[in-house]
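Trainee: A single structure is presented below for examination.
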Amino acid sequence: MKIWQLLRTKTAIFPISLLLLVTFATGIVFWGGFNTAMDYTNTLDFCVSCHEMRSTVYEEYKKSPHFSNASGVQAVCSDCHVPKETIPKIIRKVKAAKEVYSKLTGKIDTKKKFEAHRLTMAKSVWAEMEANDSKQCRNCHKQASMDFKKQHPKASKTMQQGFKDGQTCISCHKGIAHKLPDMSQGFKTMFDDLKALSAREGAKADRLYAITSKPYFMELKTAEKGGKNSGRLMGGTDVTVLERDGNFVKVRMAGWQQDKVDRIIYALRGQRIFSVTVSKKIIDKIERLKTEVDPDTELTWHQVQLDAWVSKENLVSDPNQLWAYTKEMYSSSCSTCHGLRDPEHFLANQWIGSLKAMKRFISLDKEQYRLLQKYLQLNAKDTGGKASHG
């Protein structure tokens, strides 16, 4: 208080007006220096000054249209990764401190380490771009300015449909400036976790879920000797445990059979969701519980059950972990070329044809493909997950 009174006196050494002027000038110098520093960290030279960037994503970026194109308009790292607005820009710079920490600790200081973390880093960027509706992309690529007639017909149709469906740029344009990561890393790790869970649990729960297809046997002795199986329990199918003996469990497999189609048990009436395949020799062992006529198709269906022996291997009690794995498989396999369709976009039976049309574009083995199809069918428009038990 005394200082303030002193400054207001006529004999004060530094009049208040001068102090305010100095404070204002200092603020301008500080803000100017701060902005200059931020602008420098947005330059291409700064972004690729560390070898982690220069030897990996920079080399990929140089081969993209963002680096070199007919018009000579270049988009540098900050154009895609740093917001233009002041506050969001500062927030992004604060977040960048974590990236600096990763460099200092050697987390990605070799190409091998970089590749091991590429998927995690890419997903983080994609999630951020999806959250802000690919704002950085739209700074240059404006929908209102697009001449769809000058685009390739297929690209034009896809682009317009994407805008109509409310998709964002990154939904379809992942990997446009950098190499796509190994998208299978995530779900393969989750599958290893499922197998480890199966080994720990030892099929102790009363309700279990197959994470892969498995052979089943009508007799325990046949199972123990590795004899000829009676059919296969498909991945994603749930069973009820009736009895345990060593490395095998006797389970009850339930579902629906279409009349006169005896070789397959489906998860639901009227839906082609495969649960169990059946050999000709044991058709008479299947127990029919009730018969219904599907009002939509007028086809006759039988609710059935079948008891058989299976090994404890690849059976888990947690359906949430199983379906999280398949959900990650779906996201990784089907979100690089277009926006990810919600499973409820199609009916269960429609997913068979839709997925088949995309089969040549995805790298899944038969087991993974069948499980993915089952996940989509169990969560389709007309099933809504009611058969997936969680």
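The values are calculated or read from the model by the stated rules, or taken from the named source; none is laboratory data. All figures in this text were calculated on a predicted structure; none of them were measured in a lab. Here the Cβ positions follow ideal geometry from the backbone for every residue, glycine too, while neighbour counts run over all protein chains shown.
Trainee: List every residue pair whose Cβ atoms lie under 9 Å apart, where the two residues are 6 or more positions apart in sequence or sit on different chains, the first residue falls within segment 112-126 and is without any contact (Cβ under 8 Å) to a residue 60 or more places away in the chain and on the phi > 0 side of the Ramachandran plot, and the second residue, located anywhere, is in a helix (DSSP H, G or I) and acidic (Asp, Glu).
Mentor: none
Trainee: Within segment 128-154, how many residues are among the basic types (Lys, Arg) and outside any helix (DSSP H, G or I)? Reasoning before the result, please.
Mentor: Within segment 128-154, the first condition is being among the basic types (Lys, Arg), and the residues that meet it are 135, 138, 142, 149-150, 154.
Then drop every residue that is not outside any helix (DSSP H, G or I), which leaves 142.
Here the count works out to 1.
Trainee: On the given criteria, is Asp192 among the charged types (D, E, K, R), under 35 Å from the mean Cα position of the chain (by Cα), within 24 Å of Gln368 (Cα to Cα) and surrounded by 18 or more Cβ atoms within 10 Å (Cβ to Cβ)?
Mentor: Details: among the charged types (D, E, K, R): yes; under 35 Å from the mean Cα position of the chain (by Cα): yes; within 24 Å of Gln368 (Cα to Cα): yes; surrounded by 18 or more Cβ atoms within 10 Å (Cβ to Cβ): no.
In short, no.
Trainee: Quick check on my filter: what residues within segment 96-115 are under 20 Å from Phe46 (Cβ atoms) and of a type in the set (S, T, N, Q)?
Mentor: Listed by number, the list holds a single entry, Ser102.
Trainee: Tell me yes or no: at least one residue of segment 97-113 is part of a helix (DSSP H, G or I), hydrophobic (A, V, I, L, M, F, W, C) and surrounded by 12 or more Cβ atoms within 10 Å (Cβ to Cβ).
Mentor: Restricting attention to segment 97-113, the residues satisfying the condition of being part of a helix (DSSP H, G or I) are 97-104, 111-113.
Keeping just the survivors that are hydrophobic (A, V, I, L, M, F, W, C) gives 97, 100, 104.
Still in the running and surrounded by 12 or more Cβ atoms within 10 Å (Cβ to Cβ): none.
Looking through segment 97-113, none of the residues is part of a helix (DSSP H, G or I), hydrophobic (A, V, I, L, M, F, W, C) and surrounded by 12 or more Cβ atoms within 10 Å (Cβ to Cβ).
Trainee: Yes or no: segment 330-353 includes at least one residue that is in contact (Cβ under 8 Å) with a residue 24 or more places away in the chain, exposed (fewer than 14 other Cβ atoms within 10 Å of the Cβ) and closer than 30 Å to Gly202 by Cβ.
Mentor: No, segment 330-353 contains no residue that is in contact (Cβ under 8 Å) with a residue 24 or more places away in the chain, exposed (fewer than 14 other Cβ atoms within 10 Å of the Cβ) and closer than 30 Å to Gly202 by Cβ.
Trainee: Cβ-Cβ below 9 Å, separation at least six or inter-chain, first residue in segment 296-310 and over 22 Å from Arg272 (Cα atoms), second part of a strand (DSSP E or B) and hydroxyl-bearing (Ser, Thr, Tyr): which pairs?
Mentor: Ala308/Tyr216; Trp309/Tyr216; Val310/Tyr216
Trainee: Out of Leu119, Leu208, report the one residue that is at pLDDT below 90, crowded, with 18+ Cβ neighbours inside 10 Å and touching an Asp or Glu at 6+ places or on another chain (Cβ under 8 Å).
Mentor: Details: Leu208 fails: at pLDDT below 90.
Selected residue: Leu119, the only one of Leu119, Leu208 that is at pLDDT below 90, crowded, with 18+ Cβ neighbours inside 10 Å and touching an Asp or Glu at 6+ places or on another chain (Cβ under 8 Å).
Trainee: Which members of segment 270-283 meet the condition of being within 21 Å of Ala210 (Cβ to Cβ) and charged (D, E, K, R)? It would help to see each step written out before you state the result.
Mentor: Within segment 270-283, the subset within 21 Å of Ala210 (Cβ to Cβ) is 271-279, 282.
Answer for segment 270-283, where residues must be within 21 Å of Ala210 (Cβ to Cβ) and charged (D, E, K, R): just Arg272.
Trainee: I'd like the residue in segment 127-176 that is touching a residue at least 60 places away in the same chain (Cβ under 8 Å) and over 30 Å from Lys98 (Cβ atoms) and, out of all such residues, is farthest from the chain's Cα centre (by Cα).
Mentor: It comes out as Thr158.
Trainee: Moving on to the next point. Only residues that are crowded, with 18+ Cβ neighbours inside 10 Å and in a loop (DSSP other than H, G, I, E, B): list them for segment 178-189, please.
Mentor: Of everything in segment 178-189, those that are crowded, with 18+ Cβ neighbours inside 10 Å and in a loop (DSSP other than H, G, I, E, B) turn out to be His178, Pro181, Met183.
Trainee: From the list Lys93, Lys157, pick out the single residue that is assigned by TED's automatic domain parsing to the domain that holds Ala75, more than 17 Å from His338 (Cβ to Cβ) and in a helix (DSSP H, G or I). Even if it seems obvious, please write down each step before you answer.
Mentor: Values: Lys157 fails: more than 17 Å from His338 (Cβ to Cβ).
Unique residue meeting the criteria: Lys93.
Trainee: If I ask for residues that are within 23 Å of Lys179 (Cβ to Cβ) and surrounded by 12 or more Cβ atoms within 10 Å (Cβ to Cβ), which ones from segment 126-161 would you list?
Mentor: Trp126, Glu128, Met129, Glu130, Ser134, Gln136, Cys137, Cys140, His141, Thr158 - these are the residues of segment 126-161 that are within 23 Å of Lys179 (Cβ to Cβ) and surrounded by 12 or more Cβ atoms within 10 Å (Cβ to Cβ).
Trainee: Which one of Val241, Val249 is β-branched (Val, Ile, Thr), buried (at least 20 other Cβ atoms within 10 Å of the Cβ) and part of a strand (DSSP E or B)? Give the derivation first.
Mentor: On the way: Val241 fails: buried (at least 20 other Cβ atoms within 10 Å of the Cβ).
Going through Val241, Val249 in turn, the sole match is Val249.
Trainee: From the list Asp245, Asp192, Asp206, Asp238, which one is free of Cβ contacts under 8 Å to residues at least 12 places away in the same chain and either over 30 Å from Cys80 (Cα atoms) or not assigned by TED's automatic domain parsing to the domain that holds Ala308 (or both)? Lay out the reasoning, then the answer.
Mentor: Working: Asp245 fails: free of Cβ contacts under 8 Å to residues at least 12 places away in the same chain; Asp206 fails: free of Cβ contacts under 8 Å to residues at least 12 places away in the same chain; Asp238 fails: free of Cβ contacts under 8 Å to residues at least 12 places away in the same chain.
Testing whether each residue is free of Cβ contacts under 8 Å to residues at least 12 places away in the same chain and either over 30 Å from Cys80 (Cα atoms) or not assigned by TED's automatic domain parsing to the domain that holds Ala308 (or both) leaves just Asp192.
Trainee: Quick check on Asp45: is it over 22 Å from Gly175 (Cβ atoms), acidic (Asp, Glu), exposed (fewer than 14 other Cβ atoms within 10 Å of the Cβ) and modelled with pLDDT of 85 or more?
Mentor: On the way: over 22 Å from Gly175 (Cβ atoms): yes; acidic (Asp, Glu): yes; exposed (fewer than 14 other Cβ atoms within 10 Å of the Cβ): yes; modelled with pLDDT of 85 or more: yes.
Against the criterion (over 22 Å from Gly175 (Cβ atoms), acidic (Asp, Glu), exposed (fewer than 14 other Cβ atoms within 10 Å of the Cβ) and modelled with pLDDT of 85 or more), Asp45 qualifies.
Trainee: Let me ask something additional. How many of the residues making up segment 160-177 are in a helix (DSSP H, G or I) and within 18 Å of Thr120 (Cβ to Cβ)? I'd like the intermediate steps shown before the answer.
Mentor: First, the residues of segment 160-177 that are in a helix (DSSP H, G or I): 160-164, 169-172.
Filter again for within 18 Å of Thr120 (Cβ to Cβ), leaving 170.
Summing the residues that are in a helix (DSSP H, G or I) and within 18 Å of Thr120 (Cβ to Cβ) in segment 160-177 gives 1.
Trainee: Ok, one more. Looking only at segment 70-90, count how many residues are surrounded by fewer than 13 Cβ atoms within 10 Å (Cβ to Cβ), among the polar types (S, T, N, Q) and part of a helix (DSSP H, G or I).
Mentor: Within segment 70-90, residues that are surrounded by fewer than 13 Cβ atoms within 10 Å (Cβ to Cβ), among the polar types (S, T, N, Q) and part of a helix (DSSP H, G or I) number 1.
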